[in-house]
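Comments concern the structure below.
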C-alpha cells in the first residue's frame, strides 16, 4: 500500500484480527483504480461539489429513511448514544450523534494521553535528522503537515482513521490551552485504505484544521482532516481557550475522516499499538482509550 495503512485491523479489546469493510467499496475502487475515476476524483471542484451536494442531502429529511438500515447493516450499539426525542431528523443528525452519559471512560491520570476519536489508530515515530514522519518506509514532512517550519521536540505521531460507521465527535487527547488554530490544504480525497494505497500524501493535501496546544508536558498538535463528503468540521474551542482531556473538541459531518496527534519526545507510547503498527496493522480503539503517557 502507498501509505501502508493496513486494511487488516486488530481489535484492541478482543485481540482479534479482522479485515476492514470498505463503505461503498465498488464505487471507491472505480474512483481510485480507473483512469477516469482518478481524473475525476482529483478535481478540487468536483470534490467540493460532491461534498456540498451530499452534505445538503444528508442534512435534509430525505435522508432520514437511511438511518435504520445503516444501524442494522453495521450493527451499531445505539444504547451507547443519545437518541433525540422523536428520533433523528436526518442522516447528519444521526451521524453526529452524542455519546450517552457513562458510555465511555475518560478517567485517566494527568500524565496519560487518550485517543481523541473512535477508529483505527496507527503509530509512527518522528525521525530527528529528517524532521519526518516515517510510516512503513515512506518519509513525510511533519512541518508541511502542521504548517510549521520548526517542529520543536516532536517525537511521536498517531493517525486515527474514522470510518462512516464510527462515532464522529472528537475529543481532546490532553489537557491544556489552545495556542493557535490553522486551516491548511484544500483537497478532499477519501481516507479509506484503497485511496491511501493510490495517493501517498492524502493527509498532507486534504483540508485540515491544526491546533497547536500548550500542555504541562510541552507543545502538542491535534489536527482533524476532512475527506470527500465531509460536509464540515465544527470546533468548540478557539485560541486562548482552556480545555481538559476528554472534553469534546468538535464534530465531523458525513464521511470518512481522520484525527492526527503529534506529541513530544518525553511521551512514551503504549507497547501494543507500537507493535501492531510495526507489523503493518491498525488498532481499533475507542475514544478515551489510553495511547501512552508522559514520564
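Structure summary
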{"item": "Checklist (1) under 25 Å from residue 277 (Cα atoms); (2) more than 18 Å from the chain's Cα centre (by Cα) applied to residue 122, failing item", "result": "(2)"}
{"item": "Subset of the range 273-292 (residues that are within 18 Å of residue 155 (Cα to Cα) and either part of a strand (DSSP E or B) or out of contact with any strand residue (DSSP E or B) (no Cβ under 6 Å at 6 or more places or on another chain) (or both))", "result": "275, 278, 290, 291, 292"}
{"item": "Residue count for the range 235-256, restricted to those that are closer than 21 Å to residue 105 by Cβ and assigned to a strand (DSSP E or B)", "result": "5"}
{"item": "Residue satisfying all of: in the range 128-143; assigned to a loop (DSSP other than H, G, I, E, B) and closer than 20 Å to residue 282 by Cβ; modelled with the highest pLDDT among these", "result": "137"}
{"item": "Total residues in the range 79-99, condition part of a loop (DSSP other than H, G, I, E, B) and in contact with a helix residue (DSSP H, G or I) (Cβ under 6 Å, 6 or more places away or on another chain)", "result": "2"}
{"item": "Candidate set from the range 203-230 (those that are surrounded by fewer than 22 Cβ atoms within 10 Å (Cβ to Cβ) and touching a helix residue (DSSP H, G or I) at 6+ places or on another chain (Cβ under 7 Å)); member that is modelled with the highest pLDDT", "result": "210"}
{"item": "Of the criteria (1) farther than 29 Å from residue 217 by Cα; (2) without any contact (Cβ under 8 Å) to a residue 40 or more places away in the chain; (3) touching a strand residue (DSSP E or B) at 6+ places or on another chain (Cβ under 9 Å), which one residue 97 fails", "result": "(2)"}
{"item": "Checklist (1) modelled with pLDDT of 95 or more; (2) in a strand (DSSP E or B) applied to residue 259, failing item", "result": "(1)"}
{"item": "Single residue of 71, 76, 67 found to be in a loop (DSSP other than H, G, I, E, B) and outside the structural domain of residue 264 (by TED's automatic domain parsing)", "result": "76"}
{"item": "Qualifying residue in the range 104-127 (condition: modelled with pLDDT under 90, farther than 14 Å from residue 290 by Cβ and touching a helix residue (DSSP H, G or I) at 6+ places or on another chain (Cβ under 8 Å))", "result": "no"}
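Results for (1) out of contact with any strand residue (DSSP E or B) (no Cβ under 6 Å at 6 or more places or on another chain); (2) part of a loop (DSSP other than H, G, I, E, B), shown as yes or no for each residue.
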residue: 123; (1), (2): no, no
residue: 145; (1), (2): yes, no
residue: 150; (1), (2): yes, yes
residue: 161; (1), (2): no, no
residue: 167; (1), (2): yes, yes
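Every residue, every condition in (1) modelled with pLDDT under 95; (2) more than 17 Å from residue 168 (Cβ to Cβ), yes or no:
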| site | (1), (2) |
| --- | --- |
| 49 | yes, yes |
| 52 | yes, yes |
| 55 | yes, no |
| 64 | yes, yes |
| 80 | no, no |
| 88 | no, no |
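The values are calculated or read from the model by the stated rules, or taken from the named source; none is laboratory data. The model shown is predicted, which means the values in this text are computed figures rather than measured ones. FYI the Cβ positions are ideal-geometry reconstructions off the backbone, even for glycines, and counts take in every protein chain you see.
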